[in-house]
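So the structure is just underneath, and the comments pick up after that.
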Amino acid sequence: MEKARIDFLKDELNKLAYNYYVLDNPLVSDFEYDKLFTELKELEEKYPQYITPDSPTQRVGGISSGFEEVKHKYRLYSLDNTYSYDELRKWYERITKECGENVELVCELKIDGLAIALTYKDGYFVKGATRGNGIVGEEITQNLKTVKAIPLKLFEDADIDVRGEIYMPVSSFEKLNAEAEKPFANPRNAAAGSLRQLDSSITAKRDLSMFTYTAIVEKAKTIPATHWDSLQFIKKIGFKTNPNIRLVKDIEGAIEFCKEWENKRFNLDYATDGVVIKVNNFAFQKEVGFTSRAPKWATAFKFPPEEISTKLLNIEIGVGKTGAVTPVAVLEPVLLAGSTVSRASLHNFDEIKRLDIRIGDRVLIKKAAEIIPKVIKVLDSEEHKELPVYEPPRTCPECNSLLIAKEGEVNLYCSNEQCPSVIKAKLEYWVSKEAMDIDFIGPSVITQLFSLGLVKSPVDFYKLKEEDFLKLDLVKEKSASNMYNSIQESKRRPFSRFITALSIRHVGKETAEIITAEFPTLQRLMSATAEELANIDGIGDKIAKSVFEFFNSIDNIEMLKEFTELGFNFENNIRIRTNELAGKTFVLTGTLQTMTRDEAGEKIKSMGGKTSSSVSKKTSYVVAGENPGSKLDKAQNLGVIILNEDDFLKMIGEVNEKKS
């Protein structure tokens, strides 16, 4: 009797959730749904032997200790991008050469979210993972169960792997940011941050949804033969698909779809930055095939970056870890490319002078690479001429010390090395992922530690005891333990990470790796002359002088001695497996699809090669990924050999593995 009632409630609640979250067609009121849910929960508490993974009560789990890597059964490929209708026509021409005339295409809005892979066995959701590098991702099954657009049980006992895009509605994003202590940059970041919570109950509180866009069907009553049929099939068995899709007979139909949505997209409650266009027929897809990173039978048409005007309310001044003073535009909030923008980069005071930006101006803003908002021009108006010309500050906004200019640089700098803003910025950089990668220690924690006098330099992090963290607001025993252990664990970071974290002027992550490859221990680096440092390929006199002065400062020598006494590892731990690339210097630019640039750099070093952050005549190869920067242009001008990702994979002997 009890089991039958539980089974009925599970099925009924799953159907109601499907109608509400997938079809957007609620059949009952929230009150009625909650009443059924409460009854099911009470019955399962009384008869726990009848709890099953597809029960709606299992959507909220516990706290995970971390996310494990999982190898995808079927690789998640990336998409090549096109930016003009002529490029689309050329892509379609290549398709028709292989498949014949009038190849049908499916057009879908490209959702700006987080790609995930879901695995179902006999109709039950058994595993979910992030895209990762397409071959290996992170398992986040418990968190994905909280997303109500993801069915826990299908309407058919199918074995199927589906691909979807997790997103946060724009309205939900704006509500979340209004309540957040630290706002998210855009809906995509909010969705990604919500999915990677160790506590899945936090994920459950975030309004996430998913559009499913493809499936690999292993077992089902009917196996679809086209992409269009596949979309209808996955919708039929319980998945949410985007309603804005279209089957067209040729590329002109696809172009018409792109033009239609270029402006209509701003009326949607989710972010989209383009249109994905796919060959419809699966047999044709198989015939056309793949490159090492993307299907040749699909492409993504990217909408041009949006520009919009708004009012400049103020210019605020930030002080960074080097003491550089940076102006930031405070704007009248405006929706730009899917997110609300209220601040934008002004770069430096020379840029303000060049554009003649004045407080009170109407300015045009855009997103650089559709991520970072920046002011690009002042809109001409009579009011502009009446506004006072902006004058750069003469003193630091934090400590009132004089601002100074440095020869050959456009930035102004705070003259006070003990400026609280500079110290806090250095501490924040120390714990960042690029540097020592210390979890649980964010800006608010650092502000409290600094205010209490517990941390005034990076070395002080390693003198803290667990009980010190209990002095902070809202920190309990478990959090204090996590913070302490994370700090201690960072002592084992590679030597290059430590050098990066020191905030030496002109020395970022890539430069630190170059330096530590030549001077692999702290003792050797501290004894290096400025001439020896300048002779390293990719360093030069300016960086060499900065590094030499840092390691010959009495205060820094004392600090490094303290780090040594605290048990730090000061040896370069890159293990060289072969010398196949010995004497070769690589520069990496753009986005690689089979690995990150950091991973590619590690592989180069493990084979005896070097990486550099800048292109010169001494550069052996430039590896150009997707959307390469100015380094590619410089390499072409200098005649440096340019490798695409396929060429690079062949060089390091991994092409067969990545294509498998």
Within the range 269-283, take every residue that is over 23 Å from the mean Cα position of the chain (by Cα) and aliphatic (A, V, I, L, M) and give me the one that is nearest to F303 (Cα to Cα). I277
Check every one of the strands (runs of 3 or more DSSP E) wholly within the range 265-375 and list those with 2 or more residues that are surrounded by 19 or more Cβ atoms within 10 Å (Cβ to Cβ) and out of contact with any helix residue (DSSP H, G or I) (no Cβ under 9 Å at 6 or more places or on another chain). 307-319, 324-336, 339-345, 362-368
Report, by residue number, each residue of the range 58-79 that is under 18 Å from the mean Cα position of the chain (by Cα), modelled with pLDDT under 85 and not aromatic (F, W, Y). E69, S78
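Against the definition (among the polar types (S, T, N, Q), exposed (fewer than 15 other Cβ atoms within 10 Å of the Cβ) and not assigned by TED's automatic domain parsing to the domain that holds I557), how does S527 come out, yes or no? Please lay out each step first, then the result.
Numbers: among the polar types (S, T, N, Q): yes; exposed (fewer than 15 other Cβ atoms within 10 Å of the Cβ): yes; not assigned by TED's automatic domain parsing to the domain that holds I557: no.
The answer is no for S527.
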Only one of these conditions is not met by Y213: (1) within 18 Å of R131 (Cα to Cα); (2) touching a residue at least 40 places away in the same chain (Cβ under 8 Å); (3) assigned to a helix (DSSP H, G or I). Which number is it? (3)
Do we have N411 as farther than 30 Å from R265 by Cα and under 30 Å from the mean Cα position of the chain (by Cα) here? yes
Hey, among S546, S553, which residue is outside the structural domain of G609 (by TED's automatic domain parsing) and farther than 16 Å from S613 by Cβ? S553
Considering only residues that are in contact (Cβ under 8 Å) with a residue 24 or more places away in the chain and over 15 Å from I504 (Cβ atoms), which ones fall in the range 417-430? C419, P420, S421, I423, K424, L427, E428
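Condition test on E645, is it within 25 Å of I135 (Cβ to Cβ), surrounded by fewer than 17 Cβ atoms within 10 Å (Cβ to Cβ) and either assigned by TED's automatic domain parsing to the domain that holds V136 or in contact (Cβ under 8 Å) with a residue 24 or more places away in the chain (or both)? Reasoning before the result, please.
Details: within 25 Å of I135 (Cβ to Cβ): yes; surrounded by fewer than 17 Cβ atoms within 10 Å (Cβ to Cβ): no; either assigned by TED's automatic domain parsing to the domain that holds V136 or in contact (Cβ under 8 Å) with a residue 24 or more places away in the chain (or both): yes.
No.
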What pairs come out if I take residues in the range 193-209 that are without any contact (Cβ under 8 Å) to a residue 24 or more places away in the chain and pair them with residues that are buried (at least 19 other Cβ atoms within 10 Å of the Cβ) and outside any loop (DSSP other than H, G, I, E, B) whose C-beta lies under 8 Å away, six or more apart or interchain? I202/S194
Scope the range 396-434; condition under 30 Å from F461 (Cα atoms) and either aliphatic (A, V, I, L, M) or assigned to a strand (DSSP E or B) (or both); matching residues: L402, L403, L412, Y413, C414, V422, I423, A425, L427, V431
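Of all residues in the range 415-444, which are over 23 Å from the mean Cα position of the chain (by Cα) and of a type outside the set (S, T, Y)? Quick ask: steps written out before the conclusion?
First, the residues of the range 415-444 that are over 23 Å from the mean Cα position of the chain (by Cα): 415-424.
N416, E417, Q418, C419, P420, V422, I423, K424 - these are the residues of the range 415-444 that are over 23 Å from the mean Cα position of the chain (by Cα) and of a type outside the set (S, T, Y).
Which residues, counting only those in the range 634-660, are part of a helix (DSSP H, G or I) and at pLDDT below 80? Write out each step before concluding.
We begin by selecting, within the range 634-660, every residue part of a helix (DSSP H, G or I); these are 634-638, 645-651, 655-659.
Listed by number, the residues that qualify are V655, N656, E657, K658, K659.
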Which pairs have Cβ atoms under 7 Å, sit 6 or more apart or on different chains, and link a residue in the range 374-398 that is under 25 Å from V341 (Cβ atoms) to one that is among the hydroxyl-bearing types (S, T, Y) and in a strand (DSSP E or B)? K374/S345; L379/S309
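The values are calculated or read from the model by the stated rules, or taken from the named source; none is laboratory data. Quantities reported herein were computed from a predicted structural model and do not represent experimental measurements. Cβ sites come from the backbone with ideal geometry, for glycine too, and all protein chains shown count toward neighbours.
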